[in-house]
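Worksheet for the structure shown next.
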Amino acid sequence: MTRPGRARVALLLTVVTAALLTACTGTDADPAGAEATPTTRPTSSPAPTPSSPPSLTASPTPSTAAEIAEAVDKWYTYGGETAVVSLIEEARNAESDRPREAFELVVLDFDGLTDALGTARLMGPIPDPRTQTAWAAAIEHLDGAVREVLASVPKDGRTIQSPQETGQMLRGWSTFDEGIKSLKAAQALLNRRFSLKPSVDPWEAE
């Protein structure tokens, strides 16, 4: 049974084709103030010049890298792996509904992919900037693709797309392809940088 509010549409498609430090230097003493001594008063001892603090750098340390690796491992263990695998599987399922030729009757069912995208968002960001960039791009592109393709569905009971609707659908599937690329990149980074990968490759599983 199709859940309310979800678009499951059969249609005849006409396909045309870190720390902020500006400087760590001490403040120079005022030469005039240090040398000028009133003639009518006893000479006072000059104030000691404060020593300059040691220069600090924002370069990463092994402990920082280790903390990131530990955080990513926790993200992956406590739901991240499920989110990644689910998103891959549902993206593959959605792609199977992609029209391959003109005048092809297809059923657009993005329910599973929409749910997987929701789960991916609930997991929060991956605690590694580089991997998170790819992961966020995958979510953004796949979500945009779903919206674009569904918006291309003919209105008013029509089953054949207009040229404008066909163009919109093609743009949606092109965005979908970008999402797949980013999703593969995120999975590859998890594997290469943190040795995290599912026991069964979801891209190959039947």
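Since every read-out is calculated from the coordinates, none of them should be taken as a lab result. The structure displayed is predicted, hence computed values, not measured ones. Reconstructed Cβ throughout: ideal geometry from the backbone, glycine too, with neighbour counts over all protein chains shown.
Overview of values
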| quantity | calculated |
| --- | --- |
| Residues being of a type in the set (D, E, K, R) and buried (at least 18 other Cβ atoms within 10 Å of the Cβ) - total across region 148-158 | 1 |
| Pairs where the first residue, in region 153-177, is closer than 26 Å to Glu90 by Cα and the second is among the β-branched types (Val, Ile, Thr) and part of a helix (DSSP H, G or I), C-beta under 7 Å, 6+ apart | Met169/Val149; Gly172/Val149; Trp173/Val149 |
| Residue count, region 88-147 (criterion: hydrophobic (A, V, I, L, M, F, W, C), surrounded by fewer than 16 Cβ atoms within 10 Å (Cβ to Cβ) and touching a helix residue (DSSP H, G or I) at 6+ places or on another chain (Cβ under 9 Å)) | 1 |
| Options Arg192, Arg121, Arg130, Arg158; residue that is over 19 Å from Glu81 (Cβ atoms) and basic (Lys, Arg) | Arg158 |
